[in-house]
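So the structure is just underneath, and the comments pick up after that.
FYI, it's all coordinate maths here, none of it is from the lab. As the structure is a prediction and not an experimental result, all values here were calculated from the model. Counting neighbours? That spans all protein chains shown, and the Cβs are built from the backbone with ideal geometry, glycine included.
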Amino acid sequence: MIEKIKILELVNEALEGTDKFLVNLKVTPDNRIYVDIDGDSGVTIDDCIALSRAVEGGLDRDEEDFALEVSSAGADQPLKMRRQYVKNLGREVEALAMDGVKTVGTLAEAGDDGFTLRIAGTKKQPPREERLQYADMKSVKVVVTF
């Protein structure tokens with residue numbers, strides 16, 4: 001089996017000096033490798049191709065066969081790391097807490113242990129800000145509007 005640490009080293013080396021960053025890495029026992037990346041200015045198909053080539057170039061198919069899938073962290077995927085929160089400041093997000101409470105608001109701040117949402121007011125309530133902890137969230141997704 002291909003070691004995850006080897007893939008991690010190859011990915012980090014390939015992304016060094018760019019605004020791209022690793023979001024998720026999975027290596028299955030049958031050598032299927034899944035790499036999800038994001039970037040401060042987005043991710044293109046060319047970015048995925050370049051990373052795929054870099055990882056493949058660091059592995060030897062004669063030694064061990066593998067399947068490799070490199071993709072961008074999709075807009076419908078939950079935010080997983082602080083850097084993604086920072087990238088999405090000013091955008092509307094839907095935060096689902098572990099207790100099932102859903103909060104929708106504009107991402108106003110992303111700190112080390114949590115984030116702040118600016119929640120629009122209603123006829124009954126004025127606008128407010130709410131501080132939420134990353135550890136208390138089941139998922140936080142960017143609200144995609146067209």
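Sorting the segments 78-85, 13-20 by their mean number of nearby beta carbons within 10 angstrom, highest to lowest, gives 78-85, 13-20. Note on the chain: with a GNM built from Cα contacts shorter than 10 Å, the maximum mean-square fluctuation among V93, V101, V11 falls on V101. Distance between the pseudo-spin-label points of Q133 and R83 (7 Å out from Cα toward the beta carbon): 2.6 nm. The angle between the Cα long axis of helix 45-57 and the main principal axis of the chain comes to about 40°, on a 0 to 90 degree scale.
Relative to the longest principal axis of the Cα atoms of the chain, the long axis of helix 4-15 makes an angle of roughly 70 degrees. Give, as a single signed number, the net charge of other residues whose beta carbon lies under 14 Å from the beta carbon of G121, with Lys and Arg counted +1 and Asp and Glu -1. Local charge sum for G121: +2. Taking 8 Å as the Cα distance limit and 6 or more residues as the minimum spacing, I'd like the relative contact order of the chain as a percentage. Relative contact order comes out at 18 percent. Residues whose amide H comes within less than 5 Å of that of I2, counting only those at least five positions distant or on another chain, are N31 (H built at 1.01 Å from N in the peptide plane).
Secondary structure note: in segment 8-111, about 65% of the DSSP beta bridges are antiparallel.
Under 5 Å from the amide H of I37 lie the amide H atoms of V23, S71, S72, A73, each residue being 5 or more positions distant or on a separate chain, with H modelled from the backbone and absent for Pro and chain starts.
A cut-off under 14 angstrom between Cβ atoms defines the neighbours of S139, and their net charge, with Lys, Arg +1 and Asp, Glu -1, is 0.
Annotation: extensible slack from A108 through D46 equals 19.2 nm (criterion: 0.36 nm per residue apart, minus Cα-Cα distance). Under 1.5 on a/c is rounded, so check that first for segment 82-142, then, if it is not, pick prolate when a/b is larger than b/c and oblate when it is not; a ≥ b ≥ c are the square roots of the alpha carbon gyration tensor eigenvalues. Since a/c reaches 1.5 but b/c is at least a/b, the shape of segment 82-142 is classed as oblate. The calculated FRET efficiency for E9 paired with D62, based on their beta-carbon distance and R0 = 22 Å, is about 0.65. Less than 5 angstrom separates the built amide H of G114 from those of Y134, all sequence-distant by 5 or more or on a different chain.
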